[in-house]
Each structure stands twice: as structure tokens, then as C-alpha cells.
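Each remark here refers to the structure printed beneath this line.
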Amino acid sequence: MAEKDNPLKAKIARLIEVNGPISLAEYMHICMADPEFGYYKNREAIGKKGDFITAPEISQIFGELIGIWCISAWRGLGKPSSFCLAELGPGKGTLMSDLLRAAKSDPEFLSAAQVVLVETSKRLKADQSAMLTKNLIDSDKINWANDIASLPDMPTIVIANEFLDVVPFHQYVKSDNDWNEIGITLDQNGNLQKVRLAGKADLTAMPKDANKEPAESVFEYSPAREAIVETLCDHIEAYSGACLLIDYGHLQTGFGDTFQAVAKHAFSDPLDKPGEHDLTSHVDFGALVESAKARNMKSVAAATQGEFLLALGLLERAGALGANQDDEGRNAIRAQVERLASPEQMGSLFKVFGFSSTLSSLPGLSNWDSSSA
Ligand code: SAH
């Protein structure tokens, strides 16, 4: 049996044998965060040699433009002389490093910033430290936190790229009349398979017409992602601030199975080889917008990644970078710009979601109203 080559599969099988089926959220949490065999503990996740490439790894311009966004938000907050600049799930530290380099244009901003990297993976904390030290960032300025509950009590600007998609979520499937939660169990051969969990699912989070959906429709719901947005809202409500969360997903809550596994830059079966693939789903920004609105933020705003980057000056910055390069260099920059912003690549699928307790609008984003979707 395959368990021999995959210790995490054996561990999950034992858990199911003892306790019965587990929820998809529980499965995802174990796969990503198991202290011995979890994905972030053991895998080289990000980069060409890893499993997937993220926007900051595609071009330095991504982090630079987010730096400009942060400076603008900080000025809007009244230039607090000390503030927390937090990044959730900073990966290799590339975004923060590019951001801080771009922010050298405003030394007052840089000296006011207390950088907090919210990261659970020891391996990635080491990568982040190496990246920031290599780029001569003063190590006294950088702190690590394990969760957002430990952000310091001061004005706060939060950024995150591809952080929400790794947070666990639940799936529900429609039978003729009811919705059941999907769980993970073992088949006769000891392999993992999906199962409908007993008991009717709680329907409160679903769109109004959910019962008109055809049988086998899938609905995804992540209370953990909503709790993150609510905690951030409460924090900036108390101390002032703004948040910018970027990820793939949809602005309108809908139906469909988006559970995905990626390894070595290819999609695979999420139930195959637990702990060896990055497990994610598309982020339901529609639900997160509602969470932020319910917390009475002064602005709740969104855009596609393409719209956001173009509004912040993607083409101008690419032109300036390309001016010192030969044709090959300019072509490479052009390809990076297309990858980040063109609707056929990351430009439409990726969304930028911002909210602030203090600012009535946010650079590069349109304030959300019921017609925004
Ligand atoms: N933002 C980076 C990396 C995205 S990968 C980039 O754009 O390249 C997801 C990141 O979230 C990793 O750094 C991972 O270790 C981190 N992460 C996953 N679960 C987390 C959690 N519960 N708390 C904090 N960080 C987490």
C-alpha cells in the first residue's frame, strides 16, 4: 500500500479509522500544517525549483507598487510616527524586500515602519530572514508573529499575497433537497475518498437561491477566512489602519468545486499524496466583503489585479526599468507585465481586496457597492 511512501496518508488513515470521516477543512489543515509531515514543513513551495510561482517572484514591480500603495495609505492615516507594517504569509520575503526598497523614496515612512511578518513555517521564516538581510534591511526593524492576534497595538497597514487561499475551507454538495458537508474517508483499499457527511448542512452562509441549484452543485465556505478579515477589521478599528489582500478568487459568491492541488507547477489530485502538494481553493471575496462591511469599515474596495497594478503605474515603472536594458531585457519585462496584468493570465483571476477603518478610499481600488460585482 502507498502509505509506506507517504507517512501523512498513514497518519490520516489512522485518524479516520478511530474517529470516522474528517471534514475537508480538517484534511486541508493536516496536509498543510502537520508538524512532522505537513507541506510547509518539508516542501520547497515557491519558485522555479518549487511547486508554484507567485506574483512577487515574477517581477520586482509587484512589490514596488504595493510599497507605493502602503506609503499612500500611511500618508492618508496622517503619517503616524510609529506604525506596524504587517505581511501575512510572506513566502520567501521577496514582496517585503521589494516594497522596502521602493519605500526608500520616503525615509520618514521607512523610519516609522515596524515590520511584522506573520508566518508559521520555520523553513520560510529562515528564507525571509536571509532575503531581508541580503537586501540590507536593518534586522532590528523586522519581527515575526505566529498569528494576527499578536499584531502590536499601533496604527497598522496589512498586506498579503496568496495567503487566504491556503486557509482551510468547507465544501457542501447538494442532494435532491438538502445540502450535505463533504468529508474525507477511506475506501475499501485504504485510499482516501470524498464522502457526504451525515446530517443536513447549515444553510445560513449560502446565497438565497441555493435550493434552486441542481443536484451535485458544490458550495464552498470558509469561516476561518472570514474570521481573519474580522480580526483585521477589529484591529484597525481600534488602532486605525488599512489592509490589502490579494488572491485568486471571485467577487461574487457562487457555486462550484475549486479545491486544487499543485506540485511542480502542475495540477494534481488533492487527495493524492497528502502533504506533498500545495492545497488551496479560490477565495470567495464576496463573502469577505460582507464580513468587512458588517464591521463598519469606512471603505471596502476591490479591483482585479490587472486594474489595480495598471492604476498604480505598472506600465510607467516597467518603462523606466526597461530604459536601461537591451532588447532581451525589455522583452523579459514585457512578458512579466503581461503575466501579472493581462486578463488571459493573472490579471482577471486574481483580485485585490482592500478595507480601511480610517480612509474613505484606497489607491487603485473602487469602493464596493452592491453593483460592484
Ligand atoms: N506571499 C507569498 C507566499 C504565498 S504562499 C508570495 O506571494 O510569494 C503562503 C504563505 O502563507 C507561506 O508563507 C506560508 O508559510 C504562509 N502560511 C500558511 N498558513 C499560515 C498561517 N496559518 N499563518 C501564517 N502564515 C501561514
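Just so it is clear, none of the values below were taken in a lab; they were calculated from the coordinates. A quick note: this is a predicted structure, and the numbers were derived from the prediction, not measured. When we count neighbours, we look across all protein chains shown, and the Cβ atoms used for this are built from the backbone with ideal geometry, even at glycine.
Quick look at the numbers
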{"read-out": "Extreme residue, positive dipole direction of segment 121-195, given options 170, 146, 124 (C-beta unit charges)", "value": "124"}
{"read-out": "Difference of contour (0.36 nm per residue) and Cα-Cα distance, residue 294 to residue 338", "value": "12.2 nm"}
{"read-out": "Computed FRET value (nearest 0.05) for residue 175 with residue 120, which takes r as the C-beta separation and R₀ as 56 Å", "value": "0.95"}
{"read-out": "Estimated dipole of the chain in Debye, rounded to 20 [Cβ of Lys and Arg +1, of Asp and Glu -1, Cα centre]", "value": "600"}
{"read-out": "Rule-of-thumb Rg ratio for segment 100-249 [Cα; 2.2 N^0.38 Å; N residues]", "value": "1.44"}
{"read-out": "Rounded D (µm²/s) - the chain, Kirkwood Rh over Cα pairs, Stokes-Einstein at 37 °C, 0.692 mPa s", "value": "151"}
{"read-out": "Under the span-like rule (Cα at least 15 Å along the axis, Kyte-Doolittle mean at least -0.5), DSSP H helices of the chain", "value": "7-19, 60-76, 223-239"}
{"read-out": "Magnitude of the charge dipole, segment 259-373, Cβ model with Lys/Arg +1 and Asp/Glu -1, debye to 20", "value": "420"}
{"read-out": "Peptides 97-106, 321-330, 148-157 ordered by average Cβ neighbours within 10 Å, highest first", "value": "97-106, 148-157, 321-330"}
{"read-out": "Cα-centre dipole for segment 197-273 with unit charges at Cβ (Lys and Arg positive, Asp and Glu negative), debye to 20", "value": "140"}
{"read-out": "Contour minus Cα-Cα distance for residue 311 and residue 42 (0.36 nm per residue)", "value": "93.0 nm"}
{"read-out": "Net charge contributed by nearby residues that have their C-beta within less than 12 Å of residue 222 (K/R +1, D/E -1)", "value": "-4"}
{"read-out": "Bridge type composition, segment 219-346 - antiparallel percent by DSSP, nearest 5", "value": "75"}
